[in-house]
Amino acid sequence: MPPSPPLPGDTIAAIATAVAAGAGSVAIVRLSGPQAEAIGRRLFVAPGAQAWESHRVLYGHVVDPADGQRVDEALLLPMRAPRSFTREDVVEFHCHGGLVAVRRVLELVLAAGARLAGPGEFSQRAFLNGRLDLTRAEAIAEMIAARSQRAAELAMAGLDGGLQRRISGLRERLLDQLAELEARVDFEEDLPPLDGTLVRAELEAVRDELERLVAESRQGELLREGLRVAIVGRPNVGKSSLLNLLSRRERAIVTDLPGTTRDLLESDLVLDGVPLTLLDTAGIRATDDRVERLGIERSRQALAGADAVLLLFDLLAGWTAADQELMDLVPEGVPLLLVGNKSDALPPGAASTGVPPDGPLVTISALTGAGRDDLVAALLGLCGAGDVQGLQVALNGRQRQLAAAAATSLERSLETAALGLPWDFWTIDLRGAIAGLGAITGEEVSEAVLERIFSRFCIGK
């Protein structure tokens with residue numbers, strides 16, 4: 001059922017929890033708007049003398065007003081404005097989970113006068129009503145999508161206002177400089193001289209801080225979106241054993257027969273706070289086996305779409321021409337880590353035959369686990385995710401573009417200052433930087449941008 005277009009003052013409703021057959025004991029239907037409580041009173045029967053008070057849970061039944069039939073035994077939670085997430089009247093029906101009951105309750109709510117909320121519309125109303133700034137609203141979506149504890153912690157920092165305070169602080173500093181410059185444009189004869197050196201120093205400091213935030217945003221992106229890492233190598237070098245070692249479980253079948261892996265195996269895991277999808281590829285070799293050839297083709301496709309590649313080779317056999325051929329298949333620009341396996345089988349003091357090319361190299365034993373921590377550290381460092389634990393806040397893609405544009409505007413303003421042009425020329429790009437930072441927090445943002453941002457949220461949030 002597609003959502004209706006938004007109308008001023010209307011009441012919206014949606015299922016606010018995941019819905020699946022046999023999954024979850026409780027499901028919530030959420031309403032927000034001026035008719036929320038009236039709809040709740042029409043559909044919910046609370047026995048006895050239970051008081052309809054804000055933030056007090058009621059027990060009873062959801063009833064179809066057409067025939068008085070009970071639809072579900074439920075709880076109802078009214079939250080009157082402004083003490084609610086949206087700062088509007090909000091009512092939540094806490095129903096039994098599953099599919100049937102919660103969908104029937106939503107149908108009754110919509111028939112009673114509410115309309116189906118669009119994606120993120122509850123959060124959008126919270127923003128428009130001053131309950132959240134835009135960085136906090138976007139952090140909600142990031143919290144829901146978090147794939148690791150560290151990503152959830154970063155989202156929580158956004159919800160707590162860490163990013164908003166940092167961006168707003170930088171914007172205030174620029175506003176102070178703009179005020180000084182504009183005052184000199186209009187009333188220079190009545191004010192003491194302005195030290196342009198101090199103004200330039202402040203603009204440089206804000207620019208440098210923005211550039212740091214932009215640089216750190218790559219780590220935040222890795223925490224939010226994760227990495228796709230392809231494990232490649234000749235048949236029987238230990239790719240499946242490495243997948244099992246990193247996953248800490250038997251995800252792939254391991255034998256001493258080449259060509260055992262005939263399809264692309266995926267395993268989702270978290271390494272030092274960074275979510276990864278490991279791709280165990282079929283060994284790439286010439287073969288007449290049609291099924292194995294299909295697996296090899298998928299391996300080649302995985303290489304093309306990987307964020308990083310682990311190229312596994314056998315330390316006993318040494319670096320071979322076949323290993324070099326595999327290395328040549330890795331797309332240019334994709335981070336590549338050479339991994340020498342079977343270190344446990346090398347005699348003490350012995351070296352692997354053959355010479356691998358220059359580049360990042362670690363040695364491991366996929367059988368005993370030796371070298372696992374070194375491999376993880378090298379992989380994350382190679383991908384720029386080696387220090388995510390120290391990250392306090394991180395810009396998302398939209399915020400990163402705006403922050404980078406603001407830093408560029410400040411750089412242009414500094415170039416104007418270096419040319420010795422009048423104060424009003426300094427303000428042109430300074431205003432652009434201020435507007436860009438205001439767009440990050442939502443202080444200066446168009447309706448079209450808001451619609452695009454909140455359309456990425458799930459319905460019910």
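The values are calculated or read from the model by the stated rules, or taken from the named source; none is laboratory data. Small disclaimer: the values here were computed from a predicted structure and weren't measured. Ideal geometry is used to build each Cβ from the backbone, glycine not excepted, and the neighbour counts take in all protein chains shown. Ligands, DNA and RNA are stripped out before the accessible areas are found, and what is left, the full protein with its side chains, is counted by its heavy atoms. Shrake-Rupley method; radii C 1.70, N 1.55, O 1.52, S 1.80 Å.
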*Which of (1) touching a Ser or Thr at 6+ places or on another chain (Cβ under 7 Å); (2) closer than 21 Å to residue 154 by Cα; (3) modelled with pLDDT of 85 or more does residue 367 not meet, given it meets every other one?*
(2)
*Flag if residue 113 is of a type outside the set (A, V, I, L, M) and surrounded by fewer than 19 Cβ atoms within 10 Å (Cβ to Cβ)*: yes
*First in the stretch 65-78 and within 12 Å of residue 108 (Cα to Cα), second anywhere and open to solvent by 70 Å² or more (accessible area, probe 1.4 Å), Cβ under 6 Å, 6 or more apart*: 65/42; 71/104; 72/96
*asked:* For a quick check of your reading of the model, give me the residue pairs whose first member lies in the stretch 90-103 and is without any contact (Cβ under 8 Å) to a residue 40 or more places away in the chain, whose second is aliphatic (A, V, I, L, M) and open to solvent by 30 Å² or more (accessible area, probe 1.4 Å), with beta-carbon atoms closer than 9 Å and at least 6 apart or on different chains.
replied: 100/21
*So, of the residues in the stretch 53-86 that are part of a loop (DSSP other than H, G, I, E, B) and of a type in the set (D, E, K, R), which turns out to be nearest to the chain's Cα centre (by Cα)?*
83
*asked:* Can you tell me which of (1) modelled with pLDDT of 95 or more; (2) open to solvent by 60 Å² or more (accessible area, probe 1.4 Å) is the one residue 78 doesn't meet?
replied: (2)
*Looking at (1) closer than 26 Å to residue 136 by Cα; (2) in contact with an Asp or Glu (Cβ under 6 Å, 6 or more places away or on another chain), can you tell me which one residue 166 breaks?*
(2)
*Go through the stretch 359-375 and give me each residue that's under 30 Å from the mean Cα position of the chain (by Cα), surrounded by fewer than 17 Cβ atoms within 10 Å (Cβ to Cβ) and under 20 Å from residue 330 (Cβ atoms).*
360
*residue 394 being of a type in the set (A, V, I, L, M), crowded, with 20+ Cβ neighbours inside 10 Å, at pLDDT 90 or above and within 30 Å of residue 198 (Cα to Cα)*: no
*Counting just the residues of the stretch 401-413 that are of a type outside the set (D, E, K, R) and surrounded by fewer than 19 Cβ atoms within 10 Å (Cβ to Cβ), which one comes out nearest to residue 194 (Cα to Cα)?*
408
*Specify the residue that is most open to solvent (accessible area, probe 1.4 Å); the eligible residues are those in the stretch 44-55 that are hydrophobic (A, V, I, L, M, F, W, C) and closer than 14 Å to residue 77 by Cβ.*
52
_Looking at residue 423 and the list (1) at pLDDT below 90; (2) in contact with a Gly (Cβ under 8 Å, 6 or more places away or on another chain), which single condition is not satisfied?_
(2)
*Taking into account only those residues within the stretch 2-39 that are at pLDDT 95 or above, open to solvent by 50 Å² or more (accessible area, probe 1.4 Å) and part of a loop (DSSP other than H, G, I, E, B), which is nearest to residue 95 (Cα to Cα)?*
35
*Looking only at the stretch 264-289, which residues are outside any strand (DSSP E or B), under 22 Å from residue 248 (Cα atoms) and at pLDDT below 75?*
264, 281, 282, 283
*Filtering the stretch 88-110 down to residues that are more than 20 Å from residue 58 (Cβ to Cβ) and modelled with pLDDT under 95, which residue is surrounded by the most Cβ atoms within 10 Å (Cβ to Cβ)?*
98
_Of everything in the stretch 303-329, what is modelled with pLDDT of 85 or more, closer than 19 Å to residue 228 by Cβ and open to solvent by 20 Å² or more (accessible area, probe 1.4 Å)? Give them in sequence order._
307, 327
